[in-house]
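Novice: Sharing a structure below in structure tokens format, with a few things to ask.
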Amino acid sequence: MRHALRAAAAAALLWAGGASAQQHCHEPAPLERRGLGLRAGLGAEYATYRTARYEGEYQGASVVVQWDNPWVRLRAALPAYRLVRNGLEGQGLGDLLLEGRVPLVRPEGGALEIGAVLAATVPTGDAERELGMGHLMAMPGAFVVWAPGRAFVTAQLGYGGAIDVGSGGHRHHGGPRPIVNPMNRSEVEAAASAGYLVHELVRARVGAYGAEPVFDEEGARRAAAFVGVDLLAGPVDVALEGHLPFAGDPFLAKVVLAAGVRF
């Protein structure tokens, strides 16, 4: 399993993933102008972390499949991780992410788009090893994108809540979990980003994302900022991002590399 994870991470670094595919409250950058249809990709991430119980690092590799048409965007991402906790190493799958986005307001020929998003994570990761939440999470919300010319600005606001917590499955206690992608049992999530096409093939981006616990006494606030650059070459897109937290302890630092190709 260890060799398979490292091979997947190497392939992600060399080939082609939506950036931060598993950072649920970090919305993807607009790619619709690259063309609609099927998009497949890989992503890789490396992060260091320190919490009240553990410290160490993790590497992740994600497989991402996305399908766009003028009325809906569907996306699925499945990650696998190598996680080091207090010097002890473990590997395994993370939670499967499923997401659908529907534009509700899109003036013809205009730069504005407003819509609804519904995402969920399926507990395919082992919660006891801090690779998954151990239960379903539902994340409904709304998004807005303004993309005039070479620039774009996007924002998203949503709610993330556990489903069937305590009904015979893993109980989500002790604040945000798991280590590889922490979320509270109940939280309000927000994200915003902006970008500019500095060259026909190159786009620069900045943004921030985070969450505030609600109806969760054990929850904790978290927030992070990122800078990124995209290579947009025909049907191929490649993204490199650096992330730093400024609230809570979701990680100490993170680097994400992702790429995809449209068919």
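Novice: Testing residue 212 on (1) within 21 Å of residue 132 (Cα to Cα); (2) open to solvent by less than 40 Å² (accessible area, probe 1.4 Å); (3) assigned to a strand (DSSP E or B), one condition comes back false. Which one is that?
Specialist: (2)
Novice: Identify the residue in the range 85-105 that is touching a Gly at 6+ places or on another chain (Cβ under 9 Å) and of a type in the set (Asp, Glu) and, among all such residues, is surrounded by the most Cβ atoms within 10 Å (Cβ to Cβ).
Specialist: The extreme case among them is 95.
Novice: The conditions are (1) hydrophobic (A, V, I, L, M, F, W, C); (2) in a strand (DSSP E or B); (3) over 25 Å from residue 238 (Cβ atoms), and residue 76 fails exactly one of them. Which is it?
Specialist: For residue 76, the exception is condition (3).
Novice: Further question: Looking for something under 17 Å from the mean Cα position of the chain (by Cα) and either at pLDDT 95 or above or within 22 Å of residue 69 (Cβ to Cβ) (or both) - is there at least one such residue anywhere in the range 146-155?
Specialist: Yes: the range 146-155 contains one or more residues that are under 17 Å from the mean Cα position of the chain (by Cα) and either at pLDDT 95 or above or within 22 Å of residue 69 (Cβ to Cβ) (or both).
Novice: Specify the residue that is farthest from residue 150 (Cα to Cα); the eligible residues are those in the range 114-137 that are open to solvent by less than 30 Å² (accessible area, probe 1.4 Å) and outside any loop (DSSP other than H, G, I, E, B).
Specialist: It comes out as 127.
Novice: Limited to the range 232-246, what total is found for residues that are surrounded by fewer than 21 Cβ atoms within 10 Å (Cβ to Cβ) and at pLDDT 95 or above?
Specialist: Here the count works out to 6.
Novice: While we're looking at this one, here's another question. Suppose we filter the range 223-263 for residues that are outside any strand (DSSP E or B) and out of contact with any strand residue (DSSP E or B) (no Cβ under 7 Å at 6 or more places or on another chain); how many remain?
Specialist: Adding up the residues that qualify gives 1.
The values are calculated or read from the model by the stated rules, or taken from the named source; none is laboratory data. What you see is a predicted model; the values in this text were computed from it and never measured. We place every Cβ from the backbone using ideal geometry, glycine too, and count neighbours over all the protein chains shown. What goes into the accessible areas is simple: the full protein's heavy atoms, side chains included, and nothing from ligands, DNA or RNA. Shrake-Rupley method; radii C 1.70, N 1.55, O 1.52, S 1.80 Å.
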